[in-house]
1. Counting other beta carbons within 10 Å of each Cβ, put SER112, SER49, SER14 in order, fewest first.
2. Among residues other than TYR10 whose Cβ falls under 15 Å from its Cβ, what is the net charge (Lys/Arg +1, Asp/Glu -1)?
3. Among VAL102, VAL89, VAL21, which one moves the most in a GNM of the chain with springs linking Cα atoms closer than 10 Å?
4. Tell me the net charge near GLY120. Cut-off is 11 Å between Cβ atoms, GLY120 excluded, with +1 for each Lys or Arg and -1 for each Asp or Glu.
5. What's the exposure ranking of MET113, MET45, MET1, going from fewest to most Cβ atoms within 10 Å?
6. What do you get for the angle between helix 61-70 and the principal long axis of the chain? Use alpha-carbon atoms, 0 to 90 degrees, nearest ten.
7. At ALA91 and ASP16, where each label point lies 7 Å from the Cα along Cα→Cβ, what is the point-to-point distance in nanometres?
8. Can you tally the net charge around PHE58? Count Lys and Arg as +1, Asp and Glu as -1, for every other residue whose Cβ sits under 10 Å from the Cβ of PHE58.
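What follows is calculated from the coordinates using simple rules that are stated; it is not laboratory data. Values in this document were obtained by computation on a predicted structure and should not be read as measured data. Note that each Cβ is placed from the backbone with ideal geometry, even for glycine, and that neighbours are counted across all protein chains shown.
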Amino acid sequence: MELTAEIAAYRAGSGDPGRLVGEFRRAVLLVPLAGGSDEADSGLMSAFSGGIRWFYAFTDEEALARFAEARGEARREWPYLAVLGARLVDAVVPEVDGPAGVAVNVADADGSMLFPPVAGIVPDAYAVDVESESAAGVA
């Protein structure tokens, strides 16, 4: 099953969290660049909410176009990178100063999904629900 179908199943109450995360990790996601058309100076587009940096990611160009339309920016060019979900959480999240997660298809009221910085989604060292060894007093 593809990611959008797993999101729909999960939102309908019949999905499996493990399958959902697995599909997310295997999915090629479109991640818009923050700085516009000059890719060399652009980071990945994100927002900060609830103490978490959320990277925007989309399952296809149509979902990205709906996001652009919702922002009133459909006429401008939207450069993006195609990135595996696993790469986002395993390589990008650890580079962020503070907790980070991925917001998929955020302009789709019935098809969006947040993948927060918790164990099982991001590496344990960056999960907000895992006590670090230094915080636990282990040296």
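1. Numbers: SER112 15, SER49 11, SER14 8.
The fewest-first ordering by Cβ neighbours comes to SER14, SER49, SER112.
2. Working: positive: ARG11, ARG19, ARG25; negative: GLU2, GLU6, ASP16, GLU23, ASP108, ASP110.
Local charge sum for TYR10: -3.
3. Judging by the Gaussian network model, the answer is VAL21.
4. On the way: positive: ARG25; negative: ASP124, ASP129.
Around GLY120, the surrounding residues sum to -1.
5. In increasing order of surrounding Cβ atoms, one gets MET1, MET45, MET113.
6. 80
7. Simple spin-label model gives 2.9 nm for this pair.
8. On the way: positive: ARG66; negative: ASP60, GLU61, GLU62, ASP108.
So the environment of PHE58 carries a net charge of -3.
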